[in-house]
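J.: Dropping the structure in here first, questions after.
The values are calculated or read from the model by the stated rules, or taken from the named source; none is laboratory data. Only a predicted model underlies this, so the values are computations on that prediction, with no experimental measurement involved. Neighbour counts run over all protein chains shown; Cβ positions are idealised from the backbone, glycine included. Keep in mind that these areas ignore ligands, DNA and RNA; they rest on the heavy atoms of the full protein, side chains included. Shrake-Rupley method; radii C 1.70, N 1.55, O 1.52, S 1.80 Å.
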Amino acid sequence: MPPLELLLQQALNGVMLGVMYALIAVGFTLFFGVLDVIHFSHGDIFMLGAFAGLSTLLGLAAVGLRAPVAALPLAFVAAILVTGLVGVLAERVCVKPLARSSPLMTLLATLSLGLVIRESVLIFYPRGADPKPFPQLLPQGGFEVGGVAIRYENLAILGIGLAAMVTVDLIIRRTRMGAAIRAVAQDPEAAQMMGVNLDRTVDATFFLGSGLAAVAGILSGLYYSEIHFIMGITGGVIGFSAAAIGGLGNVYGAIVGGLLFGVLQTTSAALIPRGSEFRDVVAFAVVMLFLIVRPRGILGEQSVERV
Amino acid sequence: MLELRGVSTRYGPITMLRSVSLSLAEGRIACLLGPNGAGKTTLIRTILGIVKPVEGEILFEGRRIDRLRTHEIVALGIGVVPEGRRVFPRMTVEENLRMGAFVEWAPADLAARRDRVFSLFPRLAERRRQKAATMSGGEQAMLAVGRALMGRPKLLLLDEPSLGLAPVLVEQLFTMAQAINRSGTTVFLVEQNARKTLEIAHHGFLLQKGEIAGSGSAAELAASPIVRHAYLRA
Ligand SMILES: Nc1ncnc2c1ncn2[C@@H]1O[C@H](COP(=O)(O)OP(=O)(O)OP(=O)(O)O)[C@@H](O)[C@H]1O
Ligand SMILES: [Mg+2]
C-alpha cells in the first residue's frame, strides 16, 4: 500500500486531468442530447483546439506579445472560435444530414471527418508529424500541504477548467439559447412549437461543445508542455467514456464521469505495480465493468438533471 | 383569421389530407371533429409547418404561412397544445411556462402572464418547482394549456386536450377554453368528444379520411345526419 500522501497527490492530479476530460465529455453529451448522435470527430476537434491555441500563441509571440495575461486569453478566444466553427461545419456536413438515417452512417461519417482533421494537421502544420512543444505560460513553483505538492500551474489549469464549466452551466440554465438547447434535447418538435429555431439551436450546441474541447486542448498543452496531432484519439475515447459513465445526455454526469476517469487513471498508477504503464488499461477496464453493471451511466435516465 | 385553401398533405406516398379548405372566424371557438386516423393531427401539423402541404395555401391574418418554418409560424401569434401535450419532462412547471413565452423570452409582463396562468390553474402554482414528468396527466394538460397561454396567442390550437382526463377535468378544461376565448383569443379545438365540443364551439368542421365532410355552425353540425349518427349516437 503506497503512503497516503502519494494517493492524495495522485488523486489531485487525477482531478486535474479529469477537468480536461470533463470538458471534452460535455461536448459529447450535449451533441447526443440535441441530436441523439455520437460525434466521433469530437476528439480531433479537441486536438485542433490545441493546435489553434498554439498557433495563436506563436503568432502573438512573433509580434512580440508574450505576456501570459494577454496572450492566453487571446489564444483561448481564437481556439474556441476555430473549433466552434469547425464543429458547426462538421455538424452541418456530416452529422445533422445523417441524424435520421442509421447511426452507423453517423459513426462512419464522423470517424472519417476525424481522420480528415488529423491528416490535415499532419500535412499542413509545419512538421506536423512531430510533437510540438507548448509554451509554458502559467506561473511555475508551488507549495506543499501535508506532504502533497500543489503547483500554481495546476491550480491555474483547474481554475480555468472550472470556470469554463460554470460558464456552460450558466449558459444552459440561464439564457434563452440554453433554454432552447434543453427544450430541443427533451422534445425537438415541441420546442419548435414554442418558437425555437431548431437549426440555429443545433448550431449553437455544436459551437458550445466544440469550444469547450478547445479549452481542454489548450489546458492539455499547458499541462503536458506539448501537443501532438494524434492526441485527439485518446482524448476522444476518454471523453466519450466519461460521457458514457455519466449517462449520455447528462451534462453533470459528463463532468462527474470525467473527474472519475482522471482519478481512476492516476490512482491506479499509484496502487498497481508498474501501474503508470497500465493506467489507461485499468481505467478503461473499470469503465467497461461499470457500463456492464450500469449501462445507463451514473446518473442515468432516471435523473432529472439530464439537459 | 386562419384560412386553408385546398390544402393536401402527404406522408410519403399516402395522401393524408385531400384538398382541405376551411376558415376560422376571428374571436370564435371553432372545432374540428373526426374519428381516429381522420387526419386531425395531421391538419394541425400542417398548419404549424411541421409537415409541408403538397398543394394549397394557408393564410394567417391574410398572409401566407405555408412556406414558413414552424418557429416562424408560431411567432406570428399561434399557441399550441399539441396532441399528447408534450410538456418538457425534465423542466419544472415554471420552466415549461417560460418556454411558452420563448418567442419574446423576457416581455415586461412576464410575471403577470405567469400569475394569470397560476390564477387559472392554482394547481400549477402549488407545483411550480416540480418537474413536469412527475405530474399527473391532468396536471400536465393544465401545464400544456398554461404554457400555450404564456405566449399571449391570437390563435390557440388545442389537439384533443381532454384525452385521458377524468370527466370533471374535461369539464374544467372546456370551461377554461371558453374563458380564454372570451378574453379575445380565437380557439381551434380538435376533439373526438363531439357532444361537449359542440356545446362550447361556435362553428366547426368535420374531417373524415382526410377530407372535409361537413361544416357549419355548431347547431348545424349537431343537427347534421353524419354527426348525429357517428358522434352523438342520437
Ligand atoms: N409521421 C407519419 N408518417 C406516416 N403516417 C403517419 C404519420 N403520422 C400519422 N400518420 C398516419 O396518418 C393518419 C392520420 O393520422 P392523424 O394523427 O392525423 O389522425 P387523427 O385524426 O389525429 O387521429 P387521432 O384521433 O387518433 O389523433 C393515420 O393513419 C396515421 O397512422
Ligand atoms: Mg390526433
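J.: Give me the percent of DSSP beta bridges within the protein assembly as shown that run antiparallel, rounded to the nearest 5.
T.: Working: 27 of 45 bridges.
Percent antiparallel among DSSP bridges in the protein assembly as shown is about 60.
J.: Tell me whether region A:73-210 comes out rounded, prolate or oblate; compute the Cα gyration tensor, take square roots of the eigenvalues as a ≥ b ≥ c, and use a/c under 1.5 as the rounded threshold. It would help to have the intermediate numbers written out before the result.
T.: Details: a/c = 2.65, a/b = 1.39, b/c = 1.91.
Judged from the Cα gyration tensor, region A:73-210 comes out oblate (a/c at least 1.5, b/c at or above a/b).
J.: Looking at the square roots a ≥ b ≥ c of the eigenvalues of the Cα gyration tensor of region B:3-69, which shape do they give, rounded for a/c under 1.5, prolate if a/b is larger than b/c, or oblate?
T.: Oblate shape, in that a/c is at least 1.5 and b/c is the bigger or equal ratio.
J.: Tell me: how much accessible area in total is hidden between A and B, 1.4 Å probe, Å², nearest 100?
T.: In total, this chain pair buries about 2300 Å².
J.: Please work out whether chain A counts as rounded, prolate or oblate from its C-alpha gyration tensor, where a ≥ b ≥ c are the square roots of the eigenvalues and a/c under 1.5 means rounded, while otherwise a/b larger than b/c means prolate and anything else oblate?
T.: Oblate is the answer for chain A, as a/c is 1.5 or above yet b/c matches or exceeds a/b.
J.: Give, rounded to the nearest 20 debye, the magnitude of the charge dipole that chain A has about its Cα centre when Lys and Arg contribute +1 at Cβ and Asp and Glu contribute -1 at Cβ.
T.: 260
J.: Within a Cβ distance under 14 Å of A:GLY49, other residues only, what is the Lys/Arg minus Asp/Glu net charge?
T.: +1
J.: Express the relative contact order of region B:1-91 as a whole percentage, based on alpha carbon pairs under 8 Å and six or more residues apart in sequence.
T.: Values: 123 pairs, mean separation 27.1, N = 91.
Worked out over region B:1-91, it gives 30 percent.
J.: Next up: Solvent-accessible area of A:VAL93, probe 1.4 Å, all protein chains present, reported in Å² to the nearest ten, please.
T.: Around 100 Å² of this residue is reachable by solvent.
J.: With every protein chain in place, what's the accessible area of A:ARG151 (1.4 Å probe, Å², nearest 10)?
T.: Accessible area, nearest 10 Å²: 110 Å².
J.: Return the whole-Å distance between the Cα centroid of region A:237-268 and the Cα centroid of region A:1-28.
T.: 11
J.: Determine ³J(HN,Hα), in whole Hz, for all residues of region A:54-64 in sequence, where each value follows from phi through the Karplus function 6.51 cos²θ - 1.76 cosθ + 1.60 and θ = phi - 60°; x replaces Gly and Pro.
T.: Karplus-based 3J(HN,Hα) across region A:54-64 equals 4, 4, 4, 4, 5, x, 5, 4, 5, 9, x Hz.
J.: Additional query: Give the distance, in whole Å, between the Cα centre of region A:154-215 and the Cα centre of region B:37-95.
T.: Centre-to-centre (Cα) distance: 25 Å.
J.: For the peptides A:15-25, A:186-196, what is the packing order when you average, over each peptide's residues, the other Cβ atoms within 10 Å and list the highest mean first?
T.: Highest mean packing first, the order is A:15-25, A:186-196.
J.: Per residue, how much accessible surface does the protein assembly as shown expose to a 1.4 Å probe? Answer in Å², no decimals.
T.: Numbers: 23090 Å² over 541 residues.
Averaged over the residues of the protein assembly as shown, the accessible area is 43 Å².
J.: Still on this structure, I have one more. Amide H to amide H under 5 Å from B:LEU2: which residues, 5+ apart in sequence or cross-chain, H placed 1.01 Å off N in plane?
T.: B:LEU24, B:GLU61
J.: How many angstrom separate the Cα center of region A:122-147 from the Cα center of region A:52-107?
T.: Here the two parts' Cα centres lie 19 Å apart.
J.: Here's something else I'd like to know. With all protein chains present, how much of the accessible area of the protein assembly as shown (probe radius 1.4 Å) comes from carbon and sulfur, to the nearest whole percent?
T.: Using a 1.4 Å probe with all protein chains present, the protein assembly as shown comes out at 62 percent carbon and sulfur.
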